[in-house]
Amino acid sequence: DTGVSQDPRHKITKRGQNVTFRCDPISEHNRLYWYRQTLGQGPEFLTYFQNEAQLEKSRLLSDRFSAERPKGSFSTLEIQRTEQGDSAMYLCASSLALGGEKLFFGSGTQLSVL
Amino acid sequence: GENVEQHPSTLSVQEGDSAVIKCTYSDSASNYFPWYKQELGKRPQLIIDIRSNVGEKKDQRIAVTLNKTAKHFSLHITETQPEDSAVYFCAASKGENYGQNFVFGPGTRLSVLP
């Protein structure tokens, strides 16, 4: 499968625990996005990278959230001290810069915070 | 920042009828408008997109129209089939100079009744 892959598909955790998700974009794509989606809502922008540089972060991204893309390939999203309100689907997407706006989404990581 | 509204939130049509979903955006600097289809439990997939220098675009049974003056764009699906049943999301983006952030609408759940 040469699409965007995310791991894990599902994560159940207790409130207060830290979680980390991974995203592997399409290999030639240099832009990588993280979105959060709750039931009945559209994807909500969290942050995006061009290569290894984090170019934009949403104001929604509290200090408990951090994302990295150290070598400009895969990315990780970490949530520290999880809260019940963090329960959502976390979607990763990738695209080509320079006129390639088309986003290709992964299947997402469904987070449940108990 | 950009705000994208989408109507209706749910839409039921008989197989073979047409379906129209409308989105409005607030930021006149937005210049790229994609539509995504998300089937239950699956990733959002791009179905059609339009740039601000074009008023209409068609791809087989689907079409998108854009009215820049009124800041709204619509998705038209003709001869609907049961496999068109899904949630449809519109989005708006301001492009390269503004960080390429995509803002999504809340989605429309389309049900095509056989």
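The values are calculated or read from the model by the stated rules, or taken from the named source; none is laboratory data. No experiment lies behind these values; they were computed from the predicted model shown. Methodologically, a virtual Cβ is constructed for each residue, glycine included, from the backbone with ideal geometry; neighbour enumeration extends over all protein chains shown.
Miscellaneous remarks
- Subset of segment A:78-95 (residues that are out of contact with any helix residue (DSSP H, G or I) (no Cβ under 9 Å at 6 or more places or on another chain) and away from chain B (no Cβ under 11 Å)): A:E78, A:Q80, A:R81, A:T82, A:E83, A:Q84, A:G85, A:D86, A:S87, A:A88, A:Y90, A:S94
- Considering B:Q60, B:Q6, B:Q38, B:Q81, the condition of being among the polar types (S, T, N, Q), under 11 Å from the mean Cα position of the chain (by Cα) and either over 17 Å from A:E44 (Cα atoms) or surrounded by 15 or more Cβ atoms within 10 Å (Cβ to Cβ) (or both) is satisfied by B:Q6 alone.
- Applying the condition of being over 18 Å from B:N3 (Cβ atoms) and at pLDDT 90 or above to segment A:32-47 and asking which residue is nearest to the chain's Cα centre (by Cα) yields A:W34.
- First in segment A:102-114 and facing another protein chain (nearest Cβ under 7 Å), second anywhere and basic (K, R), Cβ under 6 Å, 6 or more apart: A:F105/B:R43; A:S107/B:R43
- Here segment A:20-50 is the region considered, the condition is being away from every other protein chain (no Cβ under 11 Å) and out of contact with any Leu (no Cβ under 9 Å at 6 or more places or on another chain), and the residue that is farthest from A:S95 (Cα to Cα) is A:D24.
- Every condition in (1) small (G, A, S); (2) within 14 Å of chain B (Cβ to nearest Cβ); (3) closer than 24 Å to B:L46 by Cα is met by A:S75 except one, and the failing one is (2).
- Residue list for segment A:8-19, filter: part of a strand (DSSP E or B), loosely packed, with under 15 Cβ neighbours inside 10 Å and within 15 Å of the chain's Cα centre (by Cα): A:H10
- In segment A:57-104, the residues that are farther than 15 Å from A:P8 by Cα and among the aromatic types (F, W, Y): A:F65, A:F104
- Segment B:1-24 - residue that is within 11 Å of chain A (Cβ to nearest Cβ) and of a type in the set (G, A, S) and, of those, nearest to B:F73 (Cα to Cα): B:S9
- Filter result for A:L55 (part of a loop (DSSP other than H, G, I, E, B), surrounded by fewer than 17 Cβ atoms within 10 Å (Cβ to Cβ) and within 14 Å of chain B (Cβ to nearest Cβ)): no
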